[in-house]
Amino acid sequence: MKLKRSLKQNKAKQTRLKHSAALHEETKDFCVLASLIPSLQRGIMLQNKANPTISKSTGLPRKRFYRARAHSNPLSDSHFPVPLSPSHVDYSLHYPQLFPSSDCSDGSKKIEFADIGCGFGGLLISLSTLFPETLMIGMELRDKVTKYVKERILGLRLANPGQFQNVSVVRTNSMKYFPNYFEKGQLSKMFFLFPDPHFKEKNHRRRVISPHLLDEYAYVLKVGGIIYTITDVEELGEWMKSCLQNHPMFEPLSEMELDGDPVVKLLSTATEEGKKVARNGGQTFQAVYRRITLASQENS
Ligand SMILES: C[S@@+](CC[C@H](N)C(=O)[O-])C[C@H]1O[C@@H](n2cnc3c(N)ncnc32)[C@H](O)[C@@H]1O
């Protein structure tokens, strides 16, 4: 019995070590590149000539080299590293200028915005300059697309010293590992822009908005925090709205609040998917809800 327990503990320890080693590997390239910024700046012209994936004129990655399958299965097990808990997220790997080393975070500044299924990162880039003091992160399942966003951010940092230091991206399955990144009441904004529709009824469980997942989102959002959703698929728009409407911890923003929120305007204009829909003259359906306290909690 004792031997069995010790074997089990040993195995758990090994898994933890494996995860943290893998996490290091995953973010290493991002971190190493970031620390080499001055020399990269000097060699950027040279590099761009040699590296066709980066545009010579802008220093930014060229999208055609990062094409990926349109959809990934969010229920399948992909192999990427996952932090054990929100306190294991190494901010120095994501925001090196703001957190020069992994032990310099006193926990007072945390990620506040999360773009779930950020795709090619258009929203994050717009938000980064609109809210320069706020830390934000995109979560993206597809490997190549995540790489594109990483390089886009690095390119923008190089071209605009001091800017875009508050934005990052991580490859992960938000449906599974979201709670590993954020603690209770940490976030003030969450974005679900043009999520995959998963039309068939048997696949509705793959949708990133569901009654069950809203419980998790309510947990990580602070009271007053906002969930922004938009889609060009009417049925999905109705689904997301009804999930939010039926959840006891969310209420819709009023028309006046929507008009006064600069972020709402970005929902249909800032992302690559939104631009595509606009180009094709497509209709969009948005639902924007605020995290509230339960009446029972207010009275207690
Ligand atoms: C249709 S795209 C929209 C991308 C972006 N929001 C936009 O508006 O351009 C949906 C994105 O969500 C990502 N995605 C789907 N399920 C996910 C999950 N469980 N975790 C993280 N990303 C996911 C997909 O890989 C895809 O890039």
Item to complete: Scan the stretch 190-202 for residues that are assigned to a strand (DSSP E or B) and surrounded by fewer than 19 Cβ atoms within 10 Å (Cβ to Cβ) and jot them down.
Response: none
Worksheet item: Residue check: is Leu193 within 15 Å of the chain's Cα centre (by Cα), near the ligand (Cβ under 9 Å from one of its atoms) and at pLDDT 95 or above?
Response: yes
Worksheet item: With respect to Leu124, is the statement that it is surrounded by fewer than 18 Cβ atoms within 10 Å (Cβ to Cβ), among the aliphatic types (A, V, I, L, M) and at pLDDT 80 or above true?
Response: no
Item to complete: Restrict the check to the stretch 144-165 and report whether at least one residue is within 10 Å of the ligand (Cβ to nearest atom), closer than 28 Å to Arg291 by Cα and modelled with pLDDT of 95 or more.
Response: no
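The values are calculated or read from the model by the stated rules, or taken from the named source; none is laboratory data. Being a predicted model, the structure only gives us computed values, none of them experimental. All Cβ positions, glycine included, derive from the backbone under ideal geometry; neighbour counts span all protein chains shown.
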